[in-house]
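> Take this structure first; my questions come after.
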Amino acid sequence: MHSTNLLLEEPIRMVSILEPSKPNFFPAMTKIVGTLGPKSRSVEAISACLKAGMSVARFDFSWGDAAYHQETLENLKIAIKATKKLCAVMLDTVGPELQVVNKSEVTISLEENESVVLTPHKGQEASSKLLPINFSGLAKAVKPGATIFVGQYLFTGSETTSVWLEVSEVQGDDVVCVIKNSATLAGSLFTLHCSQIHIDMPTLSDEDKDVMKKWGAPNKIDFLFLSYTRHAEDVRQAREFLSKLGDLSQTLIFAKIENVEGLNHFDEILEEADGIILSRGNLGIDLPPEKVFLFQKSALHKCNMAGKPAVVTRVVDSMTDNLRPTRAEATDVANAVLDGSDAILLGAETLRGLYPVETISTVGRICAEAEKVFNQDLYFKRTVKYVGEPMTHLESIASSAVRAAIKVKASVIICFTSSGRAARLIAKYRPTMPVLSVVIPRLKTNQLKWSFTGAFEARQSLIVRGLFPMLADPRHPAESTSTTNESVLKVALDHGKASGVIKSHDRVVVCQKVGDSSVVKIIELDD
């Protein structure tokens, strides 16, 4: 277990804890993914979320139709222009999600120790005695004694809005359950989760494919979050489908680990996916509570060593209805940062929560404080040891850039890149200073029209801890040996100065290609 990330060799003076934190241009190195919905879809609300620190906008297709999400996306585009804050777009699939269908939207009261029947006959009305579901194979998948959870906002921990069922018997296609706690279900749709049971439904449903084709492709989404990823083959199939949609061939696939099946195949999934989502809501039900932290620490370590972004969910649930997180939640956010997470994903807190902007701001401040005591020295040594020797050319350059930046106490690392790979490798070593990723667009053609690459690569770095992108002028190639290289560097330095991360007499480490060689250089700024 690798959990010694907190630097305690220099004990923190208690009085220093009360000192106000200095404001930074970048709220935190750790990124924040916000789910846009009823409480956060207006131009004003999205603009405020961007200013508070949201860098990735999540569109959750478990609810709402394409037209609704398109309207939200158009508002996001307006907010991006108004705030001049870059933001990536992420589509979250529904996947093999089991749901209870409540057509008439009546409030359903369930009493402890009573019985309720789960039936695949969706035409029937939902009641306290009968819950129609969207899956015909449940009776074959479960046995008496199996655990099932149902709720509209399942996994929040609130026992009044979600119900715990235990299967007592199977009658044909119907599953009879005993209610373990009294609860009230309200709304048109409730999620149903069967603990540690294989659900024979495709990971990428026909509905998901339709959304990706009709909504994802036209909008050129940056990320696809693949819900309920259970095998590496799930990722391969999703990638194959994306490759057929021309505009989505560059879209990165993040595998959501939501159940024990995905956990058991974690290593092969990590190898295939571009990133990992630790979906602690579903997973927290599939795993015993005392095992959740072990999975989090182990999974984050594996993602860090592989240099692939890891996102943690369900950290400040109470902020859905409250202005402040609980003490345990605040500690949980900090521990996610210390464990090595790249980003924090906010779901209900920004989707329907009363305080979406305040939640983003609060989480950002907690992340920033945790980053100050992150043991970068230990992390760096551990990562170098894990990579081993001989290192690849790029890996060597990246680690050298970080080592140099720390030795000379540089204020920022500037990396020139076309694909974004070099910048991501630098970020893998978790430097203590921001990494400005200067993405140099490349001109390409499909024989019918010319286009520039670069926008995808810039936005996709917005989920990587410590990485902050900017697009360079495409007339200045990254590999140039002429003075154009210096002019691009000047633009990057001016951006850093305007941002407040670079000041006079600061040292800056620059990583760039000169001809066929990769160069790391240290520059000291004049007045």
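> Using the alpha-carbon atoms, what tilt in degrees (0 to 90, nearest 10) does helix 356-372 show relative to the longest principal axis of the chain?
Taking the Cα atoms of the chain, the angle to 356-372 is about 50 degrees.
> How big is the gap, in Å, between the Cα center of region 25-80 and the Cα center of region 334-401?
If you average the Cα positions of each part, the centres end up 21 Å apart.
> Then there is this: How high is the relative contact order of region 50-150? Use alpha-carbon pairs under 8 Å, at least six apart in sequence, and give a whole percent.
Here the relative contact order equals 24 percent.
> While we're here: What value, in deg cm²/dmol to 500, does the helix sum -39500 (n - 2.57) over DSSP H runs of n ≥ 4 give at 222 nm once divided by the residues of the chain?
Result for the chain, helices only: -10500 deg cm²/dmol.
> When the convex hull of the Cα atoms of region 112-194 is projected onto a plane and the area is averaged over all directions, what value comes out in nm²? Intermediate results must be reported in sequence, preceding the final value.
Numbers: hull surface 19.1 nm².
Reported value for the Cα convex hull: 4.8 nm².
> Over 31 Å between Cα atoms: which of 85/291; 81/521; 244/490; 297/503; 214/308 fall into that group?
With Cα atoms farther than 31 Å apart: 85/291; 81/521; 244/490; 297/503.
> Determine the per residue accessible area of region 244-349 with all protein chains present and a 1.4 angstrom probe, expressed in square angstrom. Could you put the intermediate results ahead of the total?
Values: 3720 Å² over 106 residues.
That works out to 35 Å² for each residue.
> Once both axes come from the Cα atoms, what is the angle between helix 393-407 and the longest principal axis of the chain, in degrees from 0 to 90, rounded to 10?
Between the helix axis and the principal axis of the chain, the angle is about 70 degrees.
> Relative to a virtual label point 7 Å from the Cα of residue 109 in the Cα→beta-carbon direction, which members of region 172-199 show backbone nitrogen distances below 16 Å?
181-187, by backbone N distance to the label point.
> Then there is this: To make sure I understand the rule: partners must be aspartates and glutamates, Cα under 12 Å from the Cα of residue 180, and not fewer than 8 residues away in the same chain. Which ones qualify?
111, 112, 114, 159, 166
> Quick one: length gained pulling residue 173 to residue 84 fully straight, 0.36 nm per residue minus the C-alpha distance?
Full-extension gain reported as 26.6 nm.
> How far apart, in nm, are the 7 Å Cα→Cβ label points at residue 195 and residue 101?
2.8
> Name the aspartates and glutamates eligible as straight-distance cross-link partners of residue 497: C-alpha to C-alpha under 17 Å, and not fewer than 8 places from it in the same chain.
Result set, ordered by chain and number: 486, 506, 524, 526, 527.
> Shifting gears a bit: Need one number: convex hull volume per residue for region 350-404, Cα atoms only, in Å³.
130
> Here is a follow-up. What do you reckon, how do 470, 212 stack up by accessible area (1.4 Å probe), largest on top?
Output order, biggest surface exposure first: 470, 212.
> Something else about it: For residue 51 and residue 389, what does the FRET efficiency come to when R0 = 45 Å and r is the distance between their Cβ atoms, rounded to the nearest 0.05?
0.50
> Run through the DSSP bridge list for the chain and note the antiparallel percent, rounded to the nearest 5. Let's see the in-between values first.
Numbers: 39 of 86 bridges.
Counting only bridges with both partners in the chain, antiparallel ones make up about 45 percent.
> Choose one of 142, 98, 35: the residue whose Cα lies farthest towards the positive end of the charge dipole of the chain (beta-carbon charges +1 Lys, Arg; -1 Asp, Glu; about the Cα centre).
Farthest along the dipole direction, towards plus: 35.
> Also, quick follow-up: Take the alpha carbon gyration tensor of region 276-381, find the square roots of its eigenvalues, order them as a ≥ b ≥ c, and report rounded if a/c is under 1.5; if not, report prolate when a/b exceeds b/c, else oblate. The partial results should precede the final answer.
Details: a/c = 1.97, a/b = 1.33, b/c = 1.47.
Oblate, because a/c is 1.5 or more while a/b does not exceed b/c.
> Sorted by packing (mean other beta-carbon atoms within 10 Å per residue), highest first, where do 247-255, 312-320 land?
312-320, 247-255
> How big is the charge dipole of region 112-194 about its Cα centre, in debye rounded to the nearest 20, if each Lys and Arg gets +1 on its Cβ and each Asp and Glu gets -1 on its Cβ?
It works out to roughly 200 debye.
> Here's another thing I want to ask about it. Can you work out the accessible area per residue across region 43-135, with the rest of the protein chains kept in place, probe 1.4 Å, in square angstrom?
In whole numbers, region 43-135 has 43 Å² accessible per residue.
> For the chain, just the Cα atoms, rotate onto the principal axes and tell me the three extents in Å, largest first.
Reported extents, whole Å, longest axis first: 77, 65, 48.
> Would you mind computing, in nm to one decimal, how far apart the modelled labels at residue 470 and residue 521 are, each placed 7 Å from Cα along Cα→Cβ?
Between residue 470 and residue 521, the simple spin-label model gives 1.8 nm.
> Round to the nearest 10 and give me the degree value, 0 to 90, for the angle of helix 289-306's Cα axis relative to the longest principal axis of the chain.
The helix 289-306 is inclined about 30 degrees to the chain.
> Could you check the spin-label model distance between residue 372 and residue 244? Points 7 Å from the Cα along Cα→Cβ, value in nm.
Each label point is offset 7 Å from its Cα along the Cβ direction, giving 5.3 nm.
The values are calculated or read from the model by the stated rules, or taken from the named source; none is laboratory data. Note that the structure is predicted; figures quoted are calculated from it, not measured. Cβ sites come from the backbone with ideal geometry, for glycine too, and all protein chains shown count toward neighbours. Side chains are part of the model used for accessible areas, which takes the heavy atoms of the whole protein and leaves out ligands, DNA and RNA. Shrake-Rupley method; radii C 1.70, N 1.55, O 1.52, S 1.80 Å.
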